[in-house]
1. With the label 7 angstrom out along Cα to Cβ, how close does B:MET80 come to the same site in each of the other copies, in nm, nearest first?
2. Where does chain A land at 222 nm, in deg cm²/dmol rounded to the nearest 500, when only DSSP H runs of n ≥ 4 count, each adding -39500 (n - 2.57), divided by all residues?
3. Taking springs between alpha-carbon atoms closer than 10 angstrom, which of B:THR152, B:THR136, B:THR76 fluctuates most in the Gaussian network model of chain B?
4. Would you kindly derive the ³J(HN,Hα) couplings of region A:99-110 from the backbone phi angles with the Karplus curve 6.51 cos²θ - 1.76 cosθ + 1.60 (θ = phi - 60°), listing them in order in whole Hz, with x for Gly and Pro?
5. Please report how far the C-alpha centroid of region A:1-74 lies from that of region B:157-215, rounded to the nearest whole angstrom.
6. Can you find, among A:CYS102, B:ALA212, B:LEU198, the residue sitting farthest towards the positive end of the charge dipole of the protein assembly as shown, where Lys and Arg contribute +1 and Asp and Glu -1 at Cβ?
7. Rounded, prolate or oblate: pick one for chain A, where a ≥ b ≥ c are the square roots of the eigenvalues of its C-alpha gyration tensor, a/c under 1.5 means rounded, and failing that, prolate if a/b is larger than b/c, else oblate.
8. Roughly what % antiparallel, to the nearest 5, for the DSSP beta bridges in region B:1-69?
There are 2 protein chains.
Amino acid sequence: MKMYGNWRSAAAFRVRIAMNLKGIAYEEIFLDLDAGEQFKPDFLAINPQGAVPALFDGDGPPLTQSLAILDYLEETQGGMKLLPADPRERARARSLAQVVACDTHPLYVPRVRTFLMEHYGLPREKMLDFLRNAFTTGLNVLEKRLSTEAGTGRYCQGDAVSHADLCLISLWVGTGIFGIDTAPYPTVKRIAEALLALDAVARAHPLRQPGAPAQ
Amino acid sequence: MKMYGNWRSAAAFRVRIAMNLKGIAYEEIFLDLDAGEQFKPDFLAINPQGAVPALFDGDGPPLTQSLAILDYLEETQGGMKLLPADPRERARARSLAQVVACDTHPLYVPRVRTFLMEHYGLPREKMLDFLRNAFTTGLNVLEKRLSTEAGTGRYCQGDAVSHADLCLISLWVGTGIFGIDTAPYPTVKRIAEALLALDAVARAHPLRQPGAPAQ
């Protein structure tokens, strides 16, 4: 498979982990988001949204939106399953994934940060309050749910990695980049550390991709 | 089934449509979001996120996040199918759904609007620029994709209603409420009008639920 991504894209990170866990061979083409490559005509012809990831599985139109790609891989590929078999457990894994992928991540993407600075004239540091609020709101929900709901195990849903974990870790790695205090989220932290210890996650880590700053 | 919802919740609207189309009997308990009922202990015990919808299917823990609920209904209930059988078509329907449910709707929910006004001291009218930007960005992506991609038919994906349509219409009904000019989105409009002509959609419409303002 061939994926258009970027080292710092949380959404591309999720898909890389899934492909590593499932043993899918892929090539990633890293767009330079700072240079606006995602808005050039060549890429807009692939994804009119101007967003990564965009995945090609052989011929056929590109697949977009990370959660839709994760479901597609689950439905079409062999290897490790990343959703439980039980419908209620699947629903919980998906719900936790969407706390991140719907209600948190879209609030701090570059286009939102740019709009806040350009339209409202907010200096960067003040704009970042919006981002920090998104992070802490999302982390609070994850912590409350993961620390109280019976479904939590070694990972978000039981003892097997699921889409919920791919989303959790994609949020977690941002806490370091943006200086978010993680002390209030011990359950999230425990699961994040278990995930980072997996080779499939470590190899997919944003800071290990081409273009990432030196650690 | 029993759902906690609210007349104006775009996410609850999606779930109501799915239950109507599938012929699922349900009761909806309407929380007063303006009075903050979603943040009272009784409801936080159901959904720590303080968000609707939360769905009970018999006993067992509540189901949350509209897209996770839609997949759960698809996997466990009979009646009309709301995702195509083909994996690529399913992926496209889900991707279009997520353009709304991930990248658009979470940007204009009340908690974001409140944060912008309270934290940045923006007057309501100026805050609404953020909301309008979210709407027009999302509608632009939908229009570009729906008007150019081969998969579009009478509805977003072919000629059968899918999760993409439930999300599209949940965004569309907001254009009237917030005064968004819909002229630039003729394909979105065509599909929205086809959807509004369906009894299952019309009965689920926000303005036909208890608590909605008179039209």
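Only the coordinates and a few stated rules stand behind these numbers; no lab work does. This structure is a prediction, so every number in the text was calculated from the model and none was measured. Cβ atoms come from the backbone with ideal geometry, glycine included; neighbour counts cover every protein chain shown.
1. Result for B:MET80, in nm, nearest copy first: 3.9.
2. Numbers: 9 runs with 111 residues, N = 215.
About -16000 deg cm²/dmol.
3. Maximum among the listed residues: B:THR76.
4. 4, 7, 6, 9, 8, 10, 4, x, 7, 10, 5, x
5. Their Cα centres are 30 Å away from one another.
6. B:ALA212
7. Working: a/c = 1.70, a/b = 1.07, b/c = 1.59.
In terms of gyration-tensor shape, oblate.
8. 55 percent
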